[in-house]
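The structure appears right after this line, and notes come after that.
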Amino acid sequence: MTMATQYAVTKVGYEYSIVHPSNADIRFIGSDNSSDGRVLRVDGANGSSARVKLSFGNWSANSNKTYTAAFGIVNEELMDVNITHINVSNTTGADYTQIWLHANRSQKIEDDADSVYMWSKNSSKNSSTTTAWTLAAGNGNPADMCADGTTQLSTPWDGTRNVRYSLNDANYSISGTSDFVWVQVSIDIPAAPDAGGAHTGYIWIHFEAVSS
């Protein structure tokens, strides 16, 4: 018996959407202000191709400026998401940034028992194989975030800086329970900095989905 060679063709569809960073499944929200408005803001034109950046203002040598809620991270995925580690790549100037994840928007991390040191001036403080913070599953709604599984907190729109934000101090983030976390950023400038002028770079936040 001779078998003929068989060929088949089939297809499967796919879909994803490119959206504003404030409406993504893992999104950044603003909170603290710098000298000219909210630290987190859209960089350039607003729209579905918008990018966000952090603008920390102008500071002199031998100074430290701390933003307890430079921005927040919110999970809208329908599954838990771990934050494993953070790294910074500087493009101009030395890296003077220090970064923590923590619970209380308005407290410095030395007063906030629930905090994780993530980055300090060219050095990672949490390994890529260790979970630093777990963002609980979200509800897919970028207009709110959830503190304790039931309490929804509004994240309204900042029409000046074109990002969503929160100023809520009544509800803290709880790792594994809340779908958000606050990010404290300190700019610790030495008495003899490397150079004057702009210091720029990128903060890389690494996530890992929690499979059921």
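The values are calculated or read from the model by the stated rules, or taken from the named source; none is laboratory data. It should be emphasised that the depicted structure is a prediction, and the values quoted were computed from it without experimental measurement. Here the Cβ positions follow ideal geometry from the backbone for every residue, glycine too, while neighbour counts run over all protein chains shown. Just the protein is used for accessible areas: all its heavy atoms, side chains included, with ligands, DNA and RNA removed. Shrake-Rupley method; radii C 1.70, N 1.55, O 1.52, S 1.80 Å.
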task: Inspect the range 42-55 for any residue being exposed (fewer than 13 other Cβ atoms within 10 Å of the Cβ), at pLDDT 95 or above and in a strand (DSSP E or B) and give the result as yes or no.
output: no
- request: Filter the range 143-193 down to residues that are part of a strand (DSSP E or B) and either open to solvent by 40 Å² or more (accessible area, probe 1.4 Å) or within 20 Å of Ser22 (Cα to Cα) (or both), then give me how many there are.
  value: 18
field: Given (1) surrounded by 15 or more Cβ atoms within 10 Å (Cβ to Cβ); (2) in a loop (DSSP other than H, G, I, E, B), number of the condition Ser22 does not satisfy
entry: (2)
field: Criterion: modelled with pLDDT under 95, outside any strand (DSSP E or B) and open to solvent by 30 Å² or more (accessible area, probe 1.4 Å) - qualifying residue of Ala113, Ala61
entry: Ala113
task: Could you please find all residues in the range 66-81 being open to solvent by 20 Å² or more (accessible area, probe 1.4 Å), aliphatic (A, V, I, L, M) and touching a strand residue (DSSP E or B) at 6+ places or on another chain (Cβ under 9 Å)?
output: Met79
- prompt: Does Thr84 satisfy the condition of being within 28 Å of Thr134 (Cβ to Cβ) and among the β-branched types (Val, Ile, Thr)?
  reply: yes
